């Protein structure tokens, strides 16, 4: 009763619980989908009976973290989520669809380099032009952002 910040603390706990619940549900759906759906081969030489961890297996279903989606959303120049409608789900779905392993690896390497540059901020700074040029590398194709925004406008 005397805790003036109780509402703020409770709200933070709710967000934390909500994120944990979302992670749990995503993992549950991921595992259910992997275990109970049969997938067609992604290539002629694929053995669909292999387990995910076995050599030669292909990944048909995977989960991406919300943090990765958010970081790519920002890097690819999409604005903050407009929660007044549901179109932000469409943008997130497109981001997830294009976030293949090579893009995630390149993005991760870029962020590591950026973090090491932050540590050396006073000694050496990454130039704005260099940053923009490297950031463009992550786009799945030229004009990606504008193409997605144009398609969203058509909905």
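The values are calculated or read from the model by the stated rules, or taken from the named source; none is laboratory data. Quick caveat: nothing in here was measured; it's all calculated off a predicted structure. Cβ atoms come from the backbone with ideal geometry, glycine included; neighbour counts cover every protein chain shown.
Against the condition farther than 21 Å from residue 26 by Cβ and modelled with pLDDT of 80 or more, how does residue 119 come out, does it pass?
For residue 119, the condition - farther than 21 Å from residue 26 by Cβ and modelled with pLDDT of 80 or more - is not met.
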#### Entry: Residue list for segment 68-84, restricted to those being in a loop (DSSP other than H, G, I, E, B), surrounded by 10 or more Cβ atoms within 10 Å (Cβ to Cβ) and on the phi < 0 side of the Ramachandran plot
76, 78, 79, 81, 82
### Message
Tell me the residue from 62, 113 that is modelled with pLDDT of 80 or more, over 27 Å from residue 151 (Cβ atoms) and either touching a helix residue (DSSP H, G or I) at 6+ places or on another chain (Cβ under 9 Å) or not in a helix (DSSP H, G or I) (or both), please.
### Response
113
### Query
In segment 36-48, is there at least one residue being exposed (fewer than 11 other Cβ atoms within 10 Å of the Cβ), outside the structural domain of residue 155 (by TED's automatic domain parsing), without any contact (Cβ under 8 Å) to a residue 24 or more places away in the chain and not in a loop (DSSP other than H, G, I, E, B)?
yes
